[in-house]
Amino acid sequence: MTDSTIAVLDIDGTLVDSNYQHALAWYRALRSVGETYPVWRLHRLIGMGGDKQPTALGGEDLEHRVGDQLREQQGKEADALLEEMAPLPGAHGLLVAIRKRGHRLVLASSGQQRHVDVYLDKLHARDIAEDWTASADVEASKPAPDLLQVALKSWARRPTRPASLWATRCGTSRRRKRGDAGDRRAPRRLRGRRAEGSRRRRHLRHPWRPPGRTRRHPLA
């Protein structure tokens, strides 16, 4: 059997424009328990699992005092904002293009199942993706790599070349450090020296097409 590529795409904040709504939901949840933090700080933590956010924001004290209450209230606040979350331009077309090229497709999210269900409907992705995940499917939330590993688990015995797409800062940093499969093609582009990147940008004819030979993307 020839090897094929399985694309694992993050849903929440990558395919669906939801990061700012989640930041606002955390802000409102915190205000409901008498805590106020700048929204920009909350936005920087979007992509990290909700079980880790209170500690990252206010330390163990905040988690101990109101952690569970915050998560429950944040879920309710996010529910109220679901109608304002929409797929990013081209998101559905990307999914269709991946499948048309013969690649396998799994959608991954560390969000709650009821939110994932809404995102799948908004993306019209139920008949396109072969599988998807939610927070209940993993033992450890992002930035731990469990979500990516679970998404790939069902394909572990099949010959594949994994490729992943993650948008949030907290959703990618630790996976790159651990060298997980879905990030094997990212570091060479992302870790280049700043000066080298500047020289390359000066020669770009098109924002996505540098002149000369280019490395074939795994989903191309």
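The values are calculated or read from the model by the stated rules, or taken from the named source; none is laboratory data. Everything quoted here is computed from the prediction, not taken from an experiment. As a convention, Cβ positions derive from the backbone with ideal geometry for all residues, glycine included, and neighbour counts pool all protein chains shown. Areas reflect the complete protein model, heavy atoms only, side chains present, ligands, DNA and RNA absent. Shrake-Rupley method; radii C 1.70, N 1.55, O 1.52, S 1.80 Å.
Scan the stretch 3-55 residue by residue and report those that are acidic (Asp, Glu) and under 16 Å from the mean Cα position of the chain (by Cα). Correct list: Asp10, Asp12, Asp17. Of the listed requirements (1) open to solvent by less than 50 Å² (accessible area, probe 1.4 Å); (2) touching a strand residue (DSSP E or B) at 6+ places or on another chain (Cβ under 9 Å); (3) small (Gly, Ala, Ser), Ala97 misses just one: (2). On the given criteria, is Arg104 basic (Lys, Arg), touching a strand residue (DSSP E or B) at 6+ places or on another chain (Cβ under 7 Å) and either in contact (Cβ under 8 Å) with a residue 40 or more places away in the chain or surrounded by fewer than 18 Cβ atoms within 10 Å (Cβ to Cβ) (or both)? Considered against the rule, which asks whether it is basic (Lys, Arg), touching a strand residue (DSSP E or B) at 6+ places or on another chain (Cβ under 7 Å) and either in contact (Cβ under 8 Å) with a residue 40 or more places away in the chain or surrounded by fewer than 18 Cβ atoms within 10 Å (Cβ to Cβ) (or both), Arg104 comes out as yes. Among the residues of the stretch 105-128, the one identified as closer than 17 Å to Gly47 by Cα and in contact with a Lys or Arg (Cβ under 9 Å, 6 or more places away or on another chain) is Ser110. If I ask for residues that are farther than 13 Å from Leu81 by Cβ, without any contact (Cβ under 8 Å) to a residue 60 or more places away in the chain and not hydroxyl-bearing (Ser, Thr, Tyr), which ones from the stretch 1-48 would you list? Residues satisfying the conditions are Leu30, Arg31, Val33, Gly34, Glu35, Pro38, Val39, Trp40, Arg41, Leu42, His43.
Do we find a residue being over 20 Å from Gln21 (Cα atoms), modelled with pLDDT under 95 and part of a helix (DSSP H, G or I) anywhere in the stretch 106-128? No, every residue in the stretch 106-128 fails to be over 20 Å from Gln21 (Cα atoms), modelled with pLDDT under 95 and part of a helix (DSSP H, G or I).
Table: residues versus (1) touching a helix residue (DSSP H, G or I) at 6+ places or on another chain (Cβ under 8 Å); (2) at negative phi; (3) part of a strand (DSSP E or B); (4) open to solvent by 40 Å² or more (accessible area, probe 1.4 Å).
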residue	(1), (2), (3), (4)
His22	yes, yes, no, no
Gly34	no, no, no, yes
Leu42	yes, yes, no, no
Pro54	yes, yes, no, no
Glu60	no, yes, no, yes
Arg65	no, yes, no, yes
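Residue count for the stretch 118-132 under the criterion of being without any contact (Cβ under 8 Å) to a residue 60 or more places away in the chain and open to solvent by 50 Å² or more (accessible area, probe 1.4 Å): the result is 6.
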